[in-house]
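Shown next, in structure tokens, is the structure this report addresses.
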Number of protein chains: 2
Amino acid sequence: MKSETLKLENQICFKIYTAEREITKLYRELLKELNVTYPQYLVLLLLWEKHSLSVKELGQRLFLDSGTLTPMLKRMELNGLVERKRSEQDERSVIVSVTEKGEALKEKAECIPDQLVDNIPMGKDELTILNKTLTSMLEQLQDHSK
Amino acid sequence: MKSETLKLENQICFKIYTAEREITKLYRELLKELNVTYPQYLVLLLLWEKHSLSVKELGQRLFLDSGTLTPMLKRMELNGLVERKRSEQDERSVIVSVTEKGEALKEKAECIPDQLVDNIPMGKDELTILNKTLTSMLEQLQDHSK
DNA sequence: AGTTATTTAGTTGTACACAATTTAATTTTA
DNA sequence: TAAAATTAAATTGTGTACAACTAAATAACT
């Protein structure tokens, strides 16, 4: 009885591991035209909303640390999508803001959520339940990782 | 109405992306003693069951290609966990088999599923639903990625 | 004020993950 | 059977992820 639960947990972890890569693969196609990766797209989603955020704030929202963000933001800067400059109030902070070129991608990206839905056709009820389950799962995982 | 679904899909993708990293982080702790990563642990799970599998078979089961597997298996070989040798029937294939040292890890790994469950305490019903939902989601994603 | 502790990015090193290409072996087919 | 197509790994190059560490700035404390 317990062992079934064990196997189920194991399977779920593997499926999340696999699903993440399949989702990234799907985004890779959808984002190819924009020449950005999925994590870069996530950064842009935030900057399209707020225009400017510190590396720390980006990290808090995306659950990524500077070891991941710094080189990624440098690549985005190199591609002209964002600007990075030290905060004047607090020289420890680096403020990342979206450039005109980065802003221009917003329109091109408008169709992405629609295409996403086309590729993962699921009922709204099912989506709602999945969302809720993942949320509580994440809370537990993140609680523990502190 | 549609736009809610769009946002939901987006959120779910982000949550799967995040959950995958949290799960990997959890496994990293649990596997530290064994000195293997989560993907390496997945390889070992298969080899504990079958003893020998070709790179192709491993790839089919884990949905990984040789670009990922070859260097990973070489690291595992370097650590003495597996052996790699060309198949005699078909010189294109490389057969990966678990060594004694790799086999010995099986006992140490016995407690991992239990510890996993301790860290993600979810009801069995919820787990069952989550498993089913992820399965159908994966099928659709993998159907499309061909 | 001066010292200590904390915070914020950046750096270094390791390990996936995958697209694209290459190489060698095996099948298929003309 | 010889040429063409396919298959299986390996290789190359790019981009995350993250642990561990460093450097600089700010905050907290005595």
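Test A:GLY80 against the stated conditions and say whether it is touching a residue at least 40 places away in the same chain (Cβ under 8 Å), more than 8 Å from DNA strand D (Cβ to nearest atom) and either buried (at least 18 other Cβ atoms within 10 Å of the Cβ) or over 22 Å from B:LEU8 (Cβ atoms) (or both). Against the criterion (touching a residue at least 40 places away in the same chain (Cβ under 8 Å), more than 8 Å from DNA strand D (Cβ to nearest atom) and either buried (at least 18 other Cβ atoms within 10 Å of the Cβ) or over 22 Å from B:LEU8 (Cβ atoms) (or both)), A:GLY80 does not qualify. For the range B:54-63, the criterion of being open to solvent by 50 Å² or more (accessible area, probe 1.4 Å), in contact (Cβ under 8 Å) with a residue 24 or more places away in the chain and over 25 Å from B:GLN142 (Cβ atoms) is met by no residue. Exactly one residue out of A:LEU45, A:LEU62 is in contact with a Leu (Cβ under 9 Å, 6 or more places away or on another chain), more than 8 Å from DNA strand C (Cβ to nearest atom), within 14 Å of chain B (Cβ to nearest Cβ) and modelled with pLDDT of 95 or more: that is A:LEU62. All of (1) open to solvent by 10 Å² or more (accessible area, probe 1.4 Å); (2) at pLDDT below 95 hold for B:LEU127 with one exception: (1). Conditions first: (1) free of Cβ contacts under 8 Å to residues at least 24 places away in the same chain; (2) farther than 16 Å from A:ASN119 by Cα; (3) surrounded by fewer than 15 Cβ atoms within 10 Å (Cβ to Cβ). A:GLU29 passes all but one, so which condition is the exception? For A:GLU29, the exception is condition (2). Just to be sure before I move on: is B:LYS85 basic (Lys, Arg), more than 11 Å from DNA strand D (Cβ to nearest atom) and surrounded by fewer than 17 Cβ atoms within 10 Å (Cβ to Cβ) in the structure I sent? When the stated conditions are applied, B:LYS85 does not pass them.
Put simply, of B:SER97, B:SER87, B:SER93 the only residue that is small (Gly, Ala, Ser), more than 10 Å from chain A (Cβ to nearest Cβ) and touching a His at 6+ places or on another chain (Cβ under 8 Å) is B:SER97. A single entry from A:THR99, A:THR24 fulfils the requirement of being over 30 Å from B:LEU130 (Cα atoms) and open to solvent by 20 Å² or more (accessible area, probe 1.4 Å): A:THR99.
The values are calculated or read from the model by the stated rules, or taken from the named source; none is laboratory data. Please read all numbers here as calculations on a predicted model, not as lab measurements. Positions of Cβ are generated from backbone atoms using ideal geometry, with glycine treated the same way; all protein chains shown enter the neighbour counts. The protein model used for the area step is the full one, side chains on, heavy atoms only, and it has no ligands, DNA or RNA in it. Shrake-Rupley method; radii C 1.70, N 1.55, O 1.52, S 1.80 Å.
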